[in-house]
Structure formats: C-alpha cells, structure tokens
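Structure first, commentary second.
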C-alpha cells in the first residue's frame, strides 16, 4: 500500500517527483473517487432542499409551472439536486484538484495560478447569482409577455429549469471576461 501524499510530506518519504505514471494515475483516481463520494453526499442533501428551491425558482420567474411527462417532476428535482451538489462542493473539489496539481508546479507557477483560480471561481459564482436573481427572471417575464389573448405561456418545469441552468452557466462564463482580457 502506498503512503498517502499528506503523510509522505510529513515524514519525508518519497514525494510526487518519485512517483511513476501509475502512481500518479492512482493518486488521480483517489482524488476523483473522493470528489464523487462528496458529490453523492451533497446530492442526497440537496434532494431535501430541491423542492423548496424549485418552488422558489418557479415563483420568481413564471409564478406557476407544470410537468408534462410523468418523470419530469422527479428528473427536474434530480437535476437540481445534482446542481446543488456541484455548487456546494466546489470548494472541496477545488481543494482536491489543487492538492493533486500543486506538487507538480514550481513556486512561481503556484503564485500565478492561485489568484487566477480564486478570482475565476468568485466571478463564476457572481455571474450565476446575477443570472439567477436578475437576468433570468427578467428574461422569462419579457419572453412570456409575447402571448396574446388566446395564446398564453404554459411553462413545463423541466424546460424552465434547463433554461435557468443554461443561463446561469452562460452568465458564469461571461463573467470570466475580465480574467481573459487582463
């Protein structure tokens, strides 16, 4: 059994420079497995909040939504729980990935990458928040206003969540522009 990296650093045992390709792949596998376990745990926890959060999304955008397919209510809550698990676990995932990557970086590279990762994460979350609280509700109100007396919007909850999620990702990526330009 191989010595864990944190223990190797404390005891002075062979470090990442001495690892073979298979050793690196094994370390990567352990990082990915721990991230997947955390995602599963947070997804289960997110399931318990997904109903209330879905109601909040619907109330803040269209007021009322329905599901058309029998599985749509369940699948939408599962997607929301997955999204909550991904967002809530972001610090853990970043720390795990950082712990895997940092031994291979020079001190100068570490000092360059650390602020970029911090600002990128912060800007992405700000972009998602802007989309969730300002842009998407306004856009949905604008787009559903194109109905007429005999044509009104009946939004399916699955489509609403997909639109909400895609707009959040798009705004999160758009908010990366200051880093790209700088």
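Somewhere in segment 103-113, is a residue assigned to a helix (DSSP H, G or I), in contact (Cβ under 8 Å) with a residue 60 or more places away in the chain and within 26 Å of residue 33 (Cβ to Cβ)? The answer is yes; a qualifying residue exists. If the condition is being free of Cβ contacts under 8 Å to residues at least 40 places away in the same chain and either surrounded by 18 or more Cβ atoms within 10 Å (Cβ to Cβ) or farther than 24 Å from residue 134 by Cβ (or both), then segment 83-97 contributes 91, 94, 95. Answer yes if at least one residue in segment 137-158 is surrounded by 13 or more Cβ atoms within 10 Å (Cβ to Cβ), part of a strand (DSSP E or B) and either touching a residue at least 60 places away in the same chain (Cβ under 8 Å) or in contact with a helix residue (DSSP H, G or I) (Cβ under 7 Å, 6 or more places away or on another chain) (or both), and no otherwise. Yes - at least one qualifying residue is present in segment 137-158.
Of the residues examined, residue 27 is not one that is in contact with a strand residue (DSSP E or B) (Cβ under 9 Å, 6 or more places away or on another chain) and surrounded by 12 or more Cβ atoms within 10 Å (Cβ to Cβ). Entry remark, segment 44-81: residues being under 15 Å from the mean Cα position of the chain (by Cα), within 16 Å of residue 160 (Cα to Cα) and touching a residue at least 40 places away in the same chain (Cβ under 8 Å) number 2 in total.
Just one of the listed residues (136, 83) is more than 26 Å from residue 35 (Cα to Cα) and modelled with pLDDT of 90 or more, and it is 136.
Is it fair to say residue 133 is under 22 Å from residue 80 (Cβ atoms), over 15 Å from the mean Cα position of the chain (by Cα) and exposed (fewer than 14 other Cβ atoms within 10 Å of the Cβ)? So residue 133 fits the description; yes.
The values are calculated or read from the model by the stated rules, or taken from the named source; none is laboratory data. Computed from a predicted model, the values in this text were never measured in an experiment. So basically every Cβ, Gly included, is an ideal-geometry build from the backbone, and we count neighbours across all protein chains shown.
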